[in-house]
Amino acid sequence: MPSASSQLLQIMLALGFVLAMIYGLGFIVKRFGQGGSLGGTQIKVVSSLALGNREKLVITEVNGEQLLLGVTANSIRCLKTLDSTGQETATNTGAAQHEAVVDFKTKLAGLMVANKKPV
């Protein structure tokens with residue numbers, strides 16, 4: 001009849017082996033499990049920048065085209081379309097946003113001048 005200490009050692013070794021197998025399989029799945037294609041389209045994350053706990057900017061490449069994505073906990077938005085060198089391409093959305101910023105800047109400057117009181 002084996003002693004209690006040898007049984008405990010055998011149980012601890014078996015538990016360690018099972019935990020090592022779980023960790024090893026998890027590593028293998030994480031490392032090699034995402035290398036395939038998704039519906040025939042290759043998607044590759046080129047770069048990622050965390051902006052906060054749940055927000056980040058991600059540059060992805062899909063079929064040779066790079067996209068700048070804004071990722072939050074609730075949504076994913078395409079912010080810009082980049083060419084293969086990572087430079088911004090001209091888009092109508094970008095021009096409309098630039099126009100809105102200039103309009104806001106002009107209105108804000110006008111309000112600041114109108115509210116300025118002489119000293």
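Per-structure values
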quantity: Test result for Gly110, part of a helix (DSSP H, G or I), surrounded by 10 or more Cβ atoms within 10 Å (Cβ to Cβ), out of contact with any Phe, Trp or Tyr (no Cβ under 9 Å at 6 or more places or on another chain) and modelled with pLDDT of 75 or more; calculated: yes
quantity: Residue within the stretch 44-62 that is surrounded by 11 or more Cβ atoms within 10 Å (Cβ to Cβ), touching a strand residue (DSSP E or B) at 6+ places or on another chain (Cβ under 8 Å), modelled with pLDDT of 90 or more and basic (Lys, Arg) present; calculated: yes
quantity: Cβ-Cβ under 6 Å pairs, at least 6 apart or on other chains, the stretch 1-24 side in contact (Cβ under 8 Å) with a residue 12 or more places away in the chain, far side among the aliphatic types (A, V, I, L, M); calculated: none
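The values are calculated or read from the model by the stated rules, or taken from the named source; none is laboratory data. Here the structure is a predicted model, which means the values were calculated and not measured. Positions of Cβ are backbone-derived with ideal geometry, glycine not excepted, and every protein chain shown enters the neighbour counts.
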